[in-house]
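Read the structure below first, then the notes.
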Amino acid sequence: MPFVLFKCDEAIPEREKHCYVKAPGEDVHEYLPAANIATIPGSLTERGCSYCGAKLVIGGAIKDCIQMIHGPVGCAYNTWHTKRYLSDNDNFQLKHVCSTDMKEVHIVYGGMKRLEKAIKEAFEAYPNIKRMIVYLTCPTALIGDDIDRVAKKVMRELGDVDIFCVSCPGFAGVSQSKGHHEFNMEWMRGKVGEYEPEITSPYTVNLIGEYNIQGDGFVFEDYMRRMGIQVIGHFTGNGSYDMLRGMHRAKLNVVICARSAGYIANELKRRYGIPRLDIDPWGFEYVAEGIRKIGAFFGIEDRAEKLIAEETAKWKPKLDWYRKRLAGKKICIWTGGPRLWHWVKAFEDELGMRVVAMSCKFGHPDDFEKAISRGSEGTIYIDDGNELEFFEVIEMVKPDLIYTGPRVGDLVKKLHIPYLNGHGEHNGPYMGFEGFVNMARDMYNAIYSPLWELAKEDIRNDEWMEELEEEDGGEESGADFSGMESGEVGAEG
Amino acid sequence: MGVVLVEKPREGVINPMYNCQPCGAQYVCIGIKDCIPLVHGGQGCCTFVRLLFAQHYKENFSIASTSLHEDAAVFGGMKKIEEAVKVLVRRHPNLRVIPIITTCSTETIGDDVEGVIRKLKRTFLEKEFPDREVYLIPIHTPSYSGSHVKGYDTAMFSLVAYLAEKSEPNGKVNVFTGWMNPGDIREIKHILAEMGVDYILLMDIEGFDSPIMPDRSGFATGNTTVEDIRDTANSTASIVLCKYEGFKAAEFLEKRFGVPAVVTPTPIGIRNTDMFLKNLRRITGRRIPDSLVEERGRAIDAMVDLAHMFLADKRVAIYGDPDLVIGLAQFCVECEMKPVLLLFGDDASKHYAKDERLVELESKVEYDIEVVMNADFWELERRIKDGLKLDLILGHSKGRYVSIDYGIPMVRVGFPTFDRAGLWRYPVVGYNGAIWLAETIANTIFEDMERRKDREWILNVW
C-alpha cells in the first residue's frame, strides 16, 4: 500500500504524497513522502517559521549573549518562555529577550537607527554581557534593513562586544528548518575560527545539534567529562558564544540532531577536516553504541566500556521494570523531524512498544528515509500533518499514547488519549541512560493514569445500578431509593 | 502627590510586556462559534500565538495560516489567501466565519485583502457553495502598530462593522467584555442573570474552560454566533467593560445604528462593580436584586477581614492590559494598598495619560503613583535594582523572573498566566472577583511571610 489520501484531505488531494503506510517489500525510494516543500495554505499546519528555527531552536539556547530581535515586538514576545533549554549561567538565556519594537515610522523610513540604539541600550542594561545575536524578521527583511552594517558599526564603536547577525525572516523557506540552515551557515561563515579556546584534553569534541532541553546536554557533557573528553562547542545547548567561535579546534564532531545542525558539521568537515560522527542519544543500545564509537575514535575504548557498564548497572533494572509494563502499547510520534527515526527503534526494540504513526513538521526526505527504514510495516508516516489528519489517524490506529507538542496534546486529551511533550519533554532529561528511564517512566505514568478510566465512564449510564443489584444478590440494601424518580438521582445531560 | 506619567526612556524593548496586534485579533476571533481565523503572514504569526493560548488555557484553538513563503513576499500573497480560504471552506463543512487577519509582512507588501474577498465571493463561494454562507472578514492588524490591545479593539470593530445589521429591536444589551478569562465571563453572565438582563456577549469565551467528556465531545470553543454579532445593531445599548478593548466597536454601533455606547469602568473591585450594576440599571430599568447586595456584602466582609491588618500600605507594582491595570490599581486603593507603579506596554500613551480613572485615582491618594508608558519589564526591574521597595507585583506570567529573582511576592493576573494552574477559571471582575483577588493576594503575602519568617506568628491567631 503506497500513499494514502485521508478522507479529510479529499479537498486537498496533493496531501496524498505526504502520507504513506509502509507495506512489506516496499522500497523507501519508491514511496518516499514529499517533505520540506511548501505548506498548503489553510491546512492548519503545525509548522513554525524560519525565524523560529533560528532564534527559538538554535540561537536562543546560547547562554551568554543577548537576543536582539529586529522586528515588531511580537516576534520577541512569542518566542520567550516557550523553551526548556537550561544552562549553567543562571538560565540567562531563558530570562531575557530584546526587541527593536518596530513601529510604522520605522517601516517607512527604515529601522537601522532604531536597531543601533536598541543594541547599545541592551549592552548598557547588561554590562556583563558582551555578546549578541541580531535576528532579521519579516518586515525588516522586506524593507531591506542592513543589520550587518549596524552590527559592524556598533562593534567598532564599543570595541569590546561581538555581534552575530542572522537573516531569518519568517517567510523564508517552508518551515523552521530554513532558519536552522541559515543560522548554521552564517555562524560557520561569520564566527567559527574567530576564537582560540583553551585546550585542556587531547580528546576534544563539538556536541552538535543538542539543545540541553531539561538538561539533556548536561547528561552528555557529564559522559564526555567522565571519558576525559573536552567539549569545545556545544551547539547550542548550554553553549557559550565564544566557545562556539572556537569549534574549529575540536577533533571530532558528535552530531545529535542531524536535521537542525548537520549543516555546520558538514562545513566543519569541509573547511577544517573535522570528521562527523552521528549518534542517537535516546535508548540504551543507541547511547552505548554512540559512546563506543566516540571511544573508538580516540582510542579510549576502555573508558567508554567503563562508562557504559556503570550506567547500565545503575539504570537497566529500572528500565526493565517499565519495559514489562510498556510492551505492546501503541504509540504515535508527532514531533519536529528527526525524533521519529531516533525514537522508533528504541521504543520498539528496547521497550517492546509499537510505533503506529509518525508525523513530522519540518523533516526532509532523508529524515523519512531513516524513519521508514527503521519503522515498522503498517505504520503511518506523515509529513506536515494537520489537525484533521490527526483525528483520522487516531481513529485508524487507536494509540495508547502520543508524543507531541503541548497544543496537539491539549487536543488529544479530549479524546481520552494521554500525550507526552515530545519537544520540551514532560520530566526530562530524556537523553542518555537515565533519560531513557525517564521517558519510560513518563510513558508508564501517562498510559496507566487512573484518570483515563474515569474520563471514559459516563455516570449517567445506569449499568452500575444493575451491577450493584447483581452483587447484592437480591439482599435488602441499607437504603431504599426505590421510590425516587431517576431524574432526582442525576439530571439528564 | 499624585499620578506621575513617564515614558520609557529607551528606543528598544528589553523583555516585552505586550504582544503585537495580530495576537489580539486572534484572541477575539477564537471567541466566535464555527470560526477559524486565517492569519495572513508567516506561519510563526499564528503557530506561536496558538502556542501562547495553549500555554495559558491548556487547550487547542484552531487558527490557520496563509503560509506566506518567499514567492509571496516578492509577488504578493493574495493567491495564498485564495488557496487558504478554499481549503478551509472545503475541508470544514460547519465553518461559517473566516476572519482574515493581516500581519506586518502582508501589510508591508500591501496585499489587497478586500479585493481578494470580493473575488472569492464571486468566483468561489457563489459558484461552489451557493447554499452556504461563509463570511470572509478582513481585519487589518499590522504588527508594527500599537499592540495586542489595539489588535483586540480593531478586530472587534471589524467584525461588528462587517456583520451588524439593523432589523427589529431585541431588548438586549451588548456586553463588550474586553480581553478576559472564562472565569470573568462566567461572573459577568452570573451578574446579568441576577439582574435579569438579556444580553449579547462579545465574546462568549466561557467555553474555553472545556471539559473532557465521556463521549469525547468536549473541545474548547467560543460561543458567540454570527447571528449574535449581526443582532448587536438592534440592542438597547452597548456596555463596554474595557475601554481600550471594545470601545471602537460600540462607538460604531452608536454612530451607525443609534445603539448608545456606555463605557463603564472595568468592574474590578467594589466601586467599579457597583458602577457596572448601576449602569445596567440605568440602561435596562432592571432593579439591582438583593442577591447581588448580599454578594457585595460578602466581598466587603472578605476585604475588611484582610485590609487593615495585612494589606494596608503594601506597595504594589501592576502591569498588563491597560483596563486591567487601572482596575487593579483602583481595587488596591479600596483595600488600602498603594499601587505605586503602573506599567503600560504600548505607545498609546496619549490615551492612557488622559484616562479619567487615573485622574480620579490621583484625587484619592496621598502618595505618588508612577505610571510608565510604553514600558517593558526592564522598566520594572531597573527600578527595583535602583532601590524601589515593592511588597507585591500584580501581572501576567511573562514577568515571573522579576518576582523570582528579586524575591517579590506576585499574584498572577490577566493573560497569560501559564506558570500557575487554572487561574483562567477564576474571576477578577464582579464581587466574586474582588473576593478572589483580596484572598489570593492575602494568601500570597502569608506564604511570603512564612518563607521569610517575617511576623509569620501573627497568623497563629487572626
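Points to keep in mind about this one:
- Rough spin-label spacing in nm, given labels placed 7 Å along Cα→Cβ, for residue B:456 and residue B:298: 3.1
- Label reach from residue B:287 (point 7 Å along Cα→C-beta): in region B:189-208, amide nitrogens under 19 Å belong to B:191-198.
- Helix A:301-326 axis versus longest C-alpha principal axis of chain A: approximately 30°, rounded to the nearest ten.
- Listed from fewest to most Cβ neighbours within 10 Å, the set A:191, A:361 follows the order A:191, A:361.
- The calculated FRET efficiency for residue B:386 paired with residue B:257, based on their beta-carbon distance and R0 = 51 Å, is about 0.50.
- Label-to-label distance, nm, for residues given as residue B:132 and residue A:464 (7 Å Cα→Cβ offset): 4.1
- Taking chain A and dividing mean pair separation by its residue count, relative contact order in percent (alpha carbons under 8 Å, at least six apart): 16
- Each label was represented as a point 7 Å from its Cα along the Cα-to-Cβ direction; for residue A:316 and residue B:34 these points are 6.2 nm apart.
- Take each residue in B:34-43, count the other chain C-beta atoms within 10 Å of its C-beta, and the mean is 4.
- Only Lys, Arg (+1) and Asp, Glu (-1) charged, at Cβ; region A:204-308 dipole about Cα centre in debye: 480
- Only Cα sites of the protein assembly as shown enter the Debye sum here, all with the same form factor; the resulting log10 I(q)/I(0) across q = 0.05, 0.06, 0.07, 0.09 1/Å is -0.31, -0.45, -0.62, -1.04, listed in q order.
- Taking A:90, B:131, B:34, B:204 and counting other C-beta atoms within 10 Å, the order from fewest to most: B:131, A:90, B:34, B:204
- Helix content alone sets the calculated 222 nm mean residue ellipticity of chain B: runs of n ≥ 4 DSSP H residues at -39500 (n - 2.57) each, divided across all residues, give -13500 deg cm²/dmol.
- Distant-in-sequence amide H partners of residue A:212 (H built 1.01 Å from N, under 5 Å): A:217, A:237
- Computed from the Cβ-Cβ distance with R0 of 56 Å, the FRET efficiency linking residue B:123 to residue A:305 stands at 0.20.
- Cβ-based charge dipole, region A:29-148, positive-most Cα from A:128, A:32, A:69: A:128
- Residues A:292, A:271, B:412, ranked from the fewest to the most other C-beta atoms within 10 Å, line up as A:271, A:292, B:412.
- Degrees between helix A:112-125 axis and first principal axis of chain A (Cα, 0 to 90, nearest 10): 80
- Note on residue A:296 and residue B:217: with the Förster distance fixed at 60 Å, the Cβ-Cβ geometry gives a FRET efficiency of about 0.60.
- Extension gain, residue B:6 back to residue B:114 (0.36 nm per residue minus Cα-Cα distance, nm): 34.9 nm
- Shape of chain B, Cα gyration tensor, a/c cut at 1.5: prolate
- Percent RCO, i.e. relative contact order, over region A:204-308, from Cα pairs under 8 Å lying at least 6 residues apart: 26
Values in this text are rule-based calculations from the coordinates and carry no lab data. Since the model is a prediction, treat every value here as computed from it, not as a measurement. Cβ sites come from the backbone with ideal geometry, for glycine too, and all protein chains shown count toward neighbours.
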